[in-house]
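Below you'll find the structure, written out as structure tokens, and then a few comments.
The values are calculated or read from the model by the stated rules, or taken from the named source; none is laboratory data. In this text, all values refer to a predicted model and were calculated from it rather than measured experimentally. In this analysis, Cβ positions are derived from the backbone assuming ideal geometry, glycine residues included, and neighbour counts consider all displayed protein chains.
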Ligand SMILES: [Zn+2]
């Protein structure tokens, strides 16, 4: 039976797609190099069959046709040693393992053989950090990334490649150097891709798709990306820089109060433009879309910047609160979009109630009221666990602040010592304003128990106490009525 051998173009493609490195991840030997002397080269690699070229061979698959057996898909580039190894140990090197080697080797070749070292890698090498200053280590990372970018550009010089590092995942930005380049792309047809692409063409909005939903054709640079990228974003090349300004109208006079402004990238399409701005130091994502007639606004608070910060000193809390109040009271919000100092669009309208994290802001605001008079602060936790019970208690506690002259409340008092019995009896008999301290209801569980470690007491000064029953005894509960006076003041004490 004839062997279904690879032809020369297939052999070359197999080698080139992995930069002529052995695809065995434990080997990765270079298989091409210069011959001694001034010219010529030697190869120590070969295009090996994943399933055998002839019956009886390793991993032979009888269901394949002759041309499938000699196709690129059935080959893998290996050094001679590894090629011999996989054919002698068929069970140790099954088909799916070899296919995985091939994919990984191609991805590695795309990254310029070496994965760019991450910032974490540099930090986890203490000896290196000791020798190099942190700045040197960072500049090395940058140099490596630049080298990888340059080698990718060599695949297709029509593009400029830049690599950025976001956490541990490198992101590649690929832009045409001068003028448009024709590249075709295939999209998986589903509701998400269709909707995203529609927004892209109509408003120029940047599209981010799952890497599995998109493949490119027409440039070797993007060939390697197919199936490898986790996410692919496409943005309009006709972007320009814009400034977005946000103000709110005051309730009474309808005067504008400026809140913040931020630079943004503006992109346009067949129907209008869109731009996304980060306001309030990143605490508010503001997305503005214009269809030529109206501005559509989406304001989404992002609370990440607050995590781990003291609740009394949360950045941009006041601005967010003003925006929340505007939405709640139906006051107007004013947006201006400027390009190169010129007003491109402006709009004024009401912010929909639904687009805002009101619940959390309300809660945080009340916690701030409670903490305001306390010398300590608590940190906003990384995970926001707030129960309805927390909200009720904090609300009740913060609500006490608004005690006004003449307002009354009834509470059950249970004196614990003879001394307390005596002072209670005296206060009620004299009818003179006295201070009271509530501690019982104030075991507040806010933010997953953070406040529960410290009991909060409320002290109200200058209240007048009256009681119907006057048989005070240690351990006996008696209902007592408290009436606030003009001098009454509320303070919160963390115990
Ligand atoms: Zn090898």
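Condition check ((1) assigned to a helix (DSSP H, G or I); (2) under 19 Å from residue 227 (Cα atoms)) across all residues:
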site: 147; (1), (2): yes, no
site: 160; (1), (2): no, no
site: 164; (1), (2): no, no
site: 171; (1), (2): no, yes
site: 174; (1), (2): no, yes
site: 180; (1), (2): no, no
site: 197; (1), (2): yes, no
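Of the strands (runs of 3 or more DSSP E) lying entirely inside region 15-55, the ones with 1 or more residues being more than 37 Å from the chain's Cα centre (by Cα) and closer than 20 Å to residue 110 by Cα are found at 32-34, 45-49.
Taking the numbered list (1) under 30 Å from residue 291 (Cα atoms); (2) modelled with pLDDT of 80 or more; (3) exposed (fewer than 14 other Cβ atoms within 10 Å of the Cβ); (4) out of contact with any helix residue (DSSP H, G or I) (no Cβ under 6 Å at 6 or more places or on another chain) in turn, residue 181 passes all entries but (3).
Would it be correct to say that residue 87 is outside the structural domain of residue 151 (by TED's automatic domain parsing), assigned to a helix (DSSP H, G or I) and within 14 Å of the ligand (Cβ to nearest atom)?
On the way: outside the structural domain of residue 151 (by TED's automatic domain parsing): yes; assigned to a helix (DSSP H, G or I): yes; within 14 Å of the ligand (Cβ to nearest atom): yes.
Yes: the conditions hold for residue 87.
Take the conditions (1) at pLDDT 90 or above; (2) outside any strand (DSSP E or B); (3) within 16 Å of the ligand (Cβ to nearest atom); residue 78 misses just one of them, which is (2).
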